[in-house]
């Protein structure tokens, strides 16, 4: 990109940052660290990740924070370890053990049969320590305050629930390494709980790593240590929009029009698309309604272009 083509200061540093979150810190901790490392307050996240979990956390930086609400992050992928033989009050290893049973006699065939019932379109009761709001308060806050929380089942889709390996652990436990692909709103700890319950031995989650959120994967991700050494986004605002949305090529004249808030003629594209000018810049995100293709976000408004 030539100096003449570089975006103006309103877009400098804007983009999507994919952080490979480490265990033991919250998503809000990550945001706070990134604000310091990138020297900007304009950092937001597209959904949280539990403190015990590692992996893909999607952040928007500068003007790209406006992209976050438009991203189709409806599918997610995880690698996890489920321990059979104990149920906990949080459905993961950080909770107190409620019940325990010898799981060593559970067969692979029995596990596979229950996994099959937890795959596809299912109704799932979220973990009581989730961030779901009950009467205006987070469920996990109510639980920590000593209240009993009962959440209603929710429809979710588990497109893949695959057991990769089994390890028999001293004490009558069985550890299962699994891969899960699912819809947003699915709780992997609830899958662990339900698998153990249906097998009659109890179960909970001992490790969780998110490997993909929508189109963003660990290949895009950077650790906080990497970011400290070399601050910057994973994908600039052009790359982010063009990774996340279908493309519509537009002329320079159309780019000028849409950058000033005018609309374009529809061409039959469904959903949101990235309107890309002849230089490869994303000028706006468009959505067709009736006889207009209007912007849902002007990425490069005329006031910010060279």
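What follows draws every value from the coordinates through simple rules; no lab data is involved. Keep in mind that this is a model prediction, so the values were computed, not measured. Using ideal geometry, Cβ is built from the backbone for each residue, glycine included, and neighbour counts are taken over all protein chains shown.
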If packing is taken as the average number of other Cβ atoms within 10 Å across a peptide's residues, how do 251-257, 195-201, 280-286 rank, most packed first? 280-286, 195-201, 251-257
quick shape note, the range 184-306: Cα extents on principal axes in Å, largest first -> 66, 44, 19
For the range 156-214 and the range 44-82, write down the distance between their C-alpha centroids in whole Å. 20
Using helices alone, I'd like the mean residue ellipticity at 222 nm for the chain: each DSSP H run of four-plus residues gives -39500 (n - 2.57), total over residue count, nearest 500. -5500 deg cm²/dmol
Matching label, Cα Rg over 2.2 N^0.38 Å computed from the structure shown, candidates [x] 0.95; [y] 1.85; [z] 1.17: [z]
Output the relative contact order of the chain, whole-number percent, from Cα pairs under 8 angstrom with separation of 6+ residues. 23
Tell me the angle of helix 188-199 to the major Cα principal axis of the chain, expressed in degrees between 0 and 90 and rounded to the nearest ten. 30
Rounded to the nearest 0.05, what FRET efficiency do residue 29 and residue 269 have when you use their Cβ-Cβ distance and R0 = 35 Å? 0.35
Inter-site label distance for residue 109 and residue 72 at 7 Å from Cα along Cβ, in nm: 4.2
Residue 39 versus residue 102: modelled label distance in nm, points set 7 Å from Cα along the beta carbon direction: 6.4
Spin-label pair residue 163/residue 198, simplified geometry with 7 Å Cα→Cβ offset, distance in nm: 1.2
